[in-house]
Each structure stands twice: as structure tokens, then as C-alpha cells.
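The values are calculated or read from the model by the stated rules, or taken from the named source; none is laboratory data. Bear in mind that the values here come from a model prediction, so they are computed numbers and not experimental data. Here Cβ is always computed from backbone atoms with ideal geometry, including for glycine, and neighbour counts include all displayed protein chains.
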Amino acid sequence: AQTVTQSQPEMSVQEAETVTLSCTYDTSESDYYLFWYKQPPSRQMILVIRQEAYKQQNATENRFSVNFQKAAKSFSLKISDSQLGDAAMYFCAYLWGGDDKIIFGKGTRLHILP
Amino acid sequence: GAVVSQHPSWVICKSGTSVKIECRSLDFQATTMFWYRQFPKQSLMLMATSNEGSKATYEQGVEKDKFLINHASLTLSTLTVTSAHPEDSSFYICSARDSGTSDRETQYFGPGTRLLVL
């Protein structure tokens, strides 16, 4: 069965600094997608970034980028120039291309220190 | 952008009563919607996949007679918690996939419904 592991329950970073959130996953499939979702205090799930497994190039979205290591089954999120609005719960997620179900990790709570 | 709404945003009910939660795709059609449950400080757990015009598919361990799902139109899915008990208190989130595109991977999430059963 596919699993998603986030080993950092909480992290803190100084405003304007860079932080990396870790995620590993386990799958035997080759066609899949990986996501990072942000859940702020409002609890609205927001898609931060997504990566198709068949793409070698790491996805980037403004201050957010990923380090996708397919062989190692690692998918970390780097947030540059951290802002107070980045404070939230971040969930790493996996979706197999032949299925509908998103599997979420347990999340990492990110605190931004002013 | 694609927007999903949920109603109500929060509800308090007495033990033994039933509560209906609506999930609507506002600007797209969704043949498939998903219902999640999230306990405090925990992750989202998929409860069921809602398919328009057919029966929902429930995840293992989810009581289908307790959590009734109806997906009667391309923009509306409802989750009814029947005979609610305090242990059903949770945050319920729905998501929807835009059936008008070839993008099968993106799910748009609603803002969630907080249920408190007294």
C-alpha cells in the first residue's frame, strides 16, 4: 500500500529565511503525482505545488520549490523568503495515476518567527 | 478559478439527530466528489468517493449506513450523518474534480464543515 511520511511534526523558521519540509513516500507504481497542500488556520486546503513523477525537473511556484528524488522516494518542499502568511499546516500528498484517492501525510506545522 | 462551497460552515446538534452537509461545485461540473474527515491536529482521512448518479464508494471502516452520501447532480453532493453521536464530532471536508477537463489529478477543496454533537 502507498504511504506518505512526514517526519517533522513541527518546524519554525525566522521570517525571510528559508525552510525545507521533508516528505517520503512508498509506492510500487511509476505513474503518480505528488502534492504539497497548505492548511492555514481557516482550514481551507490550498494547493501549493504539484509534481508529476514522469517529470525530472523539479516544480517551482514563486517562493516554493520542491526537491523530487524519485529513486529515493523523497519529495521535500523549500520555502524561500518565509513570510508570516506562510504559517500553516503543510501536508504532503500522493496520488496514483490510476486512482482517484489522494493519500495525505500527517502534516508539518510551520511557525514563522517575526 | 474553480470554487467549491460547503454548507453549513459549522453546525451543532443534539445526539441522535441527523445532520446534512452540502458540497457544491460553483463554476464547474463534478461527476466525482470526495468526502474527508479531519480530527483536531490530524490529517485528512478519505471517507468516501461520491459519484454522480451512482452509489458512493466507501473506504474501509466507514459505516455507509451512518454516513449517507447522495450525489444527485453534477454540482452537488450531500453527506448526511445519521443518528449523530459525540464521537462523530469532527471537521468534514469535501473536494471535487472538474469533469470538464482532462486533468484527473487536481481536486478542489471546500472550506470544510465543523460538526459538534452534544
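Values as computed for the structure displayed
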item	result
Test: residue in segment A:76-89 that is surrounded by fewer than 17 Cβ atoms within 10 Å (Cβ to Cβ), assigned to a strand (DSSP E or B), within 14 Å of chain B (Cβ to nearest Cβ) and modelled with pLDDT of 95 or more	no
Residue that is modelled with the lowest pLDDT, among those in segment A:97-112 that are in a strand (DSSP E or B) and more than 7 Å from every other protein chain (Cβ to nearest Cβ)	A:Ile103
Unique match (being over 25 Å from B:Asp98 (Cβ atoms) and within 11 Å of chain B (Cβ to nearest Cβ)) among A:Glu10, A:Glu52	A:Glu10
Test: residue in segment B:22-38 that is among the aromatic types (Phe, Trp, Tyr) and away from chain A (no Cβ under 14 Å)	yes
Candidate set from segment B:39-54 (those that are more than 10 Å from every other protein chain (Cβ to nearest Cβ) and either surrounded by fewer than 19 Cβ atoms within 10 Å (Cβ to Cβ) or in contact with a Cys (Cβ under 6 Å, 6 or more places away or on another chain) (or both)); member that is nearest to B:Ile93 (Cα to Cα)	B:Phe39
Selection within segment B:25-37 - surrounded by 20 or more Cβ atoms within 10 Å (Cβ to Cβ) and closer than 12 Å to B:Gly110 by Cβ	B:Ser25, B:Ala30, B:Met33, B:Phe34, B:Trp35, B:Tyr36
Candidates B:Thr106, B:Thr75, B:Thr57 - the one that is more than 14 Å from every other protein chain (Cβ to nearest Cβ) and either surrounded by 21 or more Cβ atoms within 10 Å (Cβ to Cβ) or among the hydroxyl-bearing types (Ser, Thr, Tyr) (or both)	B:Thr75
B:Pro111, sole failed condition from (1) surrounded by fewer than 16 Cβ atoms within 10 Å (Cβ to Cβ); (2) in contact with a strand residue (DSSP E or B) (Cβ under 8 Å, 6 or more places away or on another chain); (3) within 14 Å of another protein chain (Cβ to nearest Cβ)	(1)
Residue among A:Leu21, A:Leu34 that is touching a Phe, Trp or Tyr at 6+ places or on another chain (Cβ under 8 Å), buried (at least 17 other Cβ atoms within 10 Å of the Cβ) and within 12 Å of chain B (Cβ to nearest Cβ)	A:Leu34
